[in-house]
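A.B. asks: Attaching a single structure in structure tokens format; questions to follow.
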Amino acid sequence: MLYQREHYFNTFDEFNSAPHGWDTDFSTTSKKNYKVSLKQSATPGLLLNTAWLGSPTLQQATTPAEMRTFALPLRLPHTYCWRGLSVNEKTFMAFPSDRELFSMMGADSEVLTISVDQGLVDGCLQNWDINPDELFQLPLTADLATQQYQAMRRNLEMMSEFMVKYGDLELFPDLSRGIRDMLIEDMLQPVLGQLDHPAISKSAATRRVKKAADYILSHLDQAITVDDVCKQVGCSRRSLEQGFKQHAGTSPKQFFQLMRLEHCRKALLA
């Protein structure tokens with residue numbers, strides 16, 4: 001399975017009969033003037049689907065087998081209900097192990113679904129001492145902060161561009177593994193942050209602080225701000241400050257100032 005394609009459909013029947021990578025049944029209350037676009041990128045272990053629906057569409061489906069599936073709305077004029085949970089334009093969704101989907105999308109809605117090899121996702125969780133079977137028992141949602149939402153969209157676009165440019169991830173194992181691992185972490189952390197689990201919260205906060213510290217240390221010669229760091233890490237300013245206070249005993253701004261002074265001192269000594 002390896003392809004990149006983009007289709008435009010002018011009738012409901014055309015769209016319903018096209019391959020989607022899922023076991024899916026669609027129905028609509030508006031078959032006349034039905035417009036849909038479907039962009040797909042597929043490679044071993046990863047399937048990205050972006051669907052824009054010009055008319056109300058009911059989806060009954062199961063996600064790809066042996067994969068963990070997530071979804072992110074790109075355009076959502078109206079809040080809707082997904083498996084009993086409210087979803088808005090910045091709600092990130094994690095499908096449970098039963099893989100079932102039942103949802104009604106309104107007109108002019110656009111959603112990106114990401115299906116990743118189950119072993120890769122579960123391996124990442126196990127490295128954090130988290131049981132995947134417990135995590136994916138029920139559907140999960142996380143309302144993303146603006147920085148988180150923008151960072152996730154940016155990383156997903158980067159992944160999609162990589163797939164289109166290079167075709168097969170297996171030809172570039174080190175690079176593709178790094179991008180895919182980053183993608184998995186970015187998708188898991190917002191979901192984990194919603195759960196009341198000390199080990200999960202601590203792990204997510206620690207990784208966030210490490211990512212921020214790495215960014216700061218690589219930009220000591222630049223006039224970066226805390227907001228710049230939040231944008232790169234994909235979290236709110238409050239979350240970042242709480243993480244630094246807990247794990248570094250200082251604020252992100254003070255950490256940057258201290259590291260910059262140390263950088264200057266070493267430069268002068270040299």
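The values are calculated or read from the model by the stated rules, or taken from the named source; none is laboratory data. This one's a predicted model, so the numbers in the text were calculated from it and none came from an experiment. Note: ideal-geometry Cβ built from the backbone for every residue, glycine included; neighbour counts use all protein chains shown. To get the accessible areas, we keep the full protein, side chains included, count just its heavy atoms, and leave off ligands, DNA and RNA. Shrake-Rupley method; radii C 1.70, N 1.55, O 1.52, S 1.80 Å.
A.B. asks: Does any residue of the stretch 52-69 turn out to be at positive phi and more than 25 Å from the chain's Cα centre (by Cα)?
C.D. replies: Kept after step one, since they are at positive phi, are these residues of the stretch 52-69: 66.
Then drop every residue that is not more than 25 Å from the chain's Cα centre (by Cα), which leaves none.
The answer is no, given that none of the residues of the stretch 52-69 is at positive phi and more than 25 Å from the chain's Cα centre (by Cα).
A.B. asks: In the stretch 44-63, which residue that is over 13 Å from Phe15 (Cβ atoms) and buried (at least 20 other Cβ atoms within 10 Å of the Cβ) is modelled with the lowest pLDDT?
C.D. replies: Once the filter is applied, the top-ranked residue is Leu46.
A.B. asks: Within the stretch 67-78, does at least one residue satisfy the condition of being basic (Lys, Arg), crowded, with 19+ Cβ neighbours inside 10 Å and within 20 Å of Val191 (Cα to Cα)?
C.D. replies: Scanning the stretch 67-78 turns up at least one residue that is basic (Lys, Arg), crowded, with 19+ Cβ neighbours inside 10 Å and within 20 Å of Val191 (Cα to Cα).
A.B. asks: If I ask for residues that are hydrophobic (A, V, I, L, M, F, W, C), surrounded by 15 or more Cβ atoms within 10 Å (Cβ to Cβ) and in contact with a strand residue (DSSP E or B) (Cβ under 6 Å, 6 or more places away or on another chain), which ones from the stretch 1-17 would you list?
C.D. replies: Phe9, Phe15
A.B. asks: Can you tell me which residue among Gln242, Gln246 is modelled with pLDDT under 80 and either polar (S, T, N, Q) or open to solvent by 70 Å² or more (accessible area, probe 1.4 Å) (or both)? Outline the logic, then answer.
C.D. replies: Details: Gln242 fails: modelled with pLDDT under 80.
Of the residues listed, the single one that is modelled with pLDDT under 80 and either polar (S, T, N, Q) or open to solvent by 70 Å² or more (accessible area, probe 1.4 Å) (or both) is Gln246.
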